[in-house]
Structures are given as C-alpha cells and as structure tokens.
Amino acid sequence: MMSAQTTSPAFDHGAALRVPPPHDTRSWHKLWAWLGDDAQAMTEAGAVQVCTPDGWTIAQPGDWIVLSVSGDFHVARTGGRRFWDA
C-alpha cells in the first residue's frame, strides 16, 4: 500500500497579537507582558523589536506578532512605508 507524502511543510499554528497604536496603553501593557524578554522598546513611537529566529525584527502598529507552537515569535507586516526604510 502506498502512502501519499506531502511536499509542503506543516503549518506551525500558534497565537498572535497585533501591535497597537502608540496611545493604546492598555493594549501595550498586554503586548509587553506577552512578549516578555523577547522584546525591546524602540525610540520611534509605537515600534517594538521582537526576537525572532532570523534575529531582531522591528514591528510597528498594525503588524501582527505571531507566537508559533514551536515557541518562536514572528512578525507579519501589514505593508506600507516604514520609518527606517527612508
């Protein structure tokens, strides 16, 4: 009996939080508590650096920070021009 093999990797489902706007202090407290030592504040209002498997990645309001089942954080960008892309 032959079994079918999949050629694509299994998706690593997990949880996600969206980076809130700078003035939303309640959501920022929740995000900082969730990220713990895997995040650093940025000088740009509303931006945060997140430790990912690819190194420190900057996330800004509207971006999603995903915690995969493997325990790694990832940043999913929402698009648009970035402050540091000038």
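The values are calculated or read from the model by the stated rules, or taken from the named source; none is laboratory data. Predicted, not measured: the structure shown is a model, and the values here were computed from it. Neighbour counts are summed over all protein chains in view; Cβ atoms, including those assigned to glycine, are modelled from backbone coordinates with ideal geometry. These accessible areas exclude ligands, DNA and RNA; they are computed on the full protein's heavy atoms, side chains included. Shrake-Rupley method; radii C 1.70, N 1.55, O 1.52, S 1.80 Å.
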- Item | Burial order of peptide ranges 29-36, 64-71, 46-53 (average beta-carbon count within 10 Å, highest first) | 46-53, 64-71, 29-36
- Determine the share of the stretch 16-64's accessible area contributed by carbon and sulfur atoms, expressed in whole percent, with a 1.4 angstrom probe. 52
- Could you pull out every residue, at least 5 positions away or on a different chain, whose amide H is within less than 5 Å of the one on Ala47? Hs are placed 1.01 Å off N in the peptide plane, and Pro or chain starts have none. Met42
- Per-residue ³J(HN,Hα) for the stretch 37-52, Karplus 6.51 cos²θ - 1.76 cosθ + 1.60, θ = phi - 60°, Hz, x for Gly and Pro: 6, 8, 9, 9, 6, 10, 6, 6, 4, x, 9, 9, 9, 10, 6, 10
